[in-house]
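One structure is given below, encoded as structure tokens.
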Amino acid sequence: MSVPQWVLAHGESLQVGLFFGLLVILAAIEPLGPRRPGPMHRASRWPTNLFFTALNLLALGALPVSIPTPRSGPSSAIGGYSISWHSQ
């Protein structure tokens with residue numbers, strides 16, 4: 001299996017893994033060099049950040065994917081593009 005085929009087959013797992021991997025790395029680096037002291041302590045800020053992250057993941061997971069594709073015919077009145085819904 002080539003790399004592009006593997007990425008297409010495992011794209012969702014790859015995205016989630018990269019996201020949480022970067023989240024852990026950046027969370028570990030933050031105490032070493034904060035840009036400025038904030039009004040909130042990390043202990044109270046991180047649960048809120050993680051809650052909003054989970055909420056974003058749930059909301060984006062519920063949305064369908066739309067891909068603009070060129071169309072011909074009556075739908076081409078606005079620049080020749082329309083939204084088509086692709087499901088796998």
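Taken over segment 12-45, the criterion of being at pLDDT below 85 and of a type in the set (G, A, S) is satisfied by A27, G33, G38, A43, S44. Considering L58, L50, L26, the condition of being over 13 Å from the mean Cα position of the chain (by Cα), at negative phi, exposed (fewer than 10 other Cβ atoms within 10 Å of the Cβ) and not basic (K, R) is satisfied by L26 alone.
The values are calculated or read from the model by the stated rules, or taken from the named source; none is laboratory data. Being a predicted model, the structure only gives us computed values, none of them experimental. Glycine also receives a Cβ, built like all others from the backbone with ideal geometry; neighbour counts cover every protein chain displayed.
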